[in-house]
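The values are calculated or read from the model by the stated rules, or taken from the named source; none is laboratory data. The model shown is predicted, which means the values in this text are computed figures rather than measured ones. Note that each Cβ is placed from the backbone with ideal geometry, even for glycine, and that neighbours are counted across all protein chains shown. Please note that ligands, DNA and RNA were not included when accessible areas were found on the heavy atoms of the full protein model with its side chains. Shrake-Rupley method; radii C 1.70, N 1.55, O 1.52, S 1.80 Å.
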Amino acid sequence: GLTSIEVMEFIVENARLEFVDCSKDSITRNVFPTCNIFIKHILVDSAHQGKVRLFNADDISITLGSYSLTMKNGMNKLSFGEIGLSTASGEVYVKDFHLEPLYNKHDYTRKLGFQTDWVDLRISKLSLKRMNLRSLLFEGKMHAGLLEIDTLTLDDYRDKRVPLKPGFKPPMPQEGLRKLKTYLRIDTVL
């Protein structure tokens, strides 16, 4: 009988990826206009335990290009130039990240009706290296050896002439990290 299947390369180039989420009350569609998938040396055999190679492959590399979405409150747009993943190197990266306000500094807080920060954030490249992807996928634990941030530009503005929202205290970043429901460990930040 058949005891093993071996494929040296599986390549998908310049594909369009559409992800449809039907898990909530409304259907959400996310479209990535450019998607490249490269899978190197797939080996499925009866002796394989799956402890070293993830999904029976030496490497699974995926790059998604040019994606943007408007945030739930309708005040900001989030965009990426490219998102990439490699199981062999244990790296996940984002290029040309941009959190962009959809209104100018004057109109932003007036649209919300209370005082808040207007934030324009750009990062040339954000990468998580030496990630334990097996632990992330199968146990929900996020462990990375290095978080590298290349060229971060932050423009932050708060119009203090607009009143505060009664009883509202926005969480600080460390509070958000403490309240994470998943395990998170990053050894080094550069």
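Results, tabulated for the structure shown:
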quantity	calculated
At R0 = 25 Å, FRET efficiency that the Cβ-Cβ distance of M75 and V31 yields, to 0.05	0.70
Relative contact order [Cα under 8 Å, 6+ residues apart], region 1-99, whole percent	21
Distance (nanometres) between label positions extended 7 Å along Cα→Cβ at K165 and D120	2.4
Solvent-accessible heavy-atom area per residue, rounded to whole Å², over the chain at 1.4 Å	69
Estimated FRET transfer efficiency when R0 is 45 angstrom, pair N14-T182 (beta carbons, to 0.05)	0.85
Per residue Cα convex hull volume in Å³ - calculated over region 34-190	139
Per DSSP, loop chymotrypsin sites (Phe, Trp or Tyr not before Pro) in region 1-90 with at most 15 further Cβ within 10 Å	F55
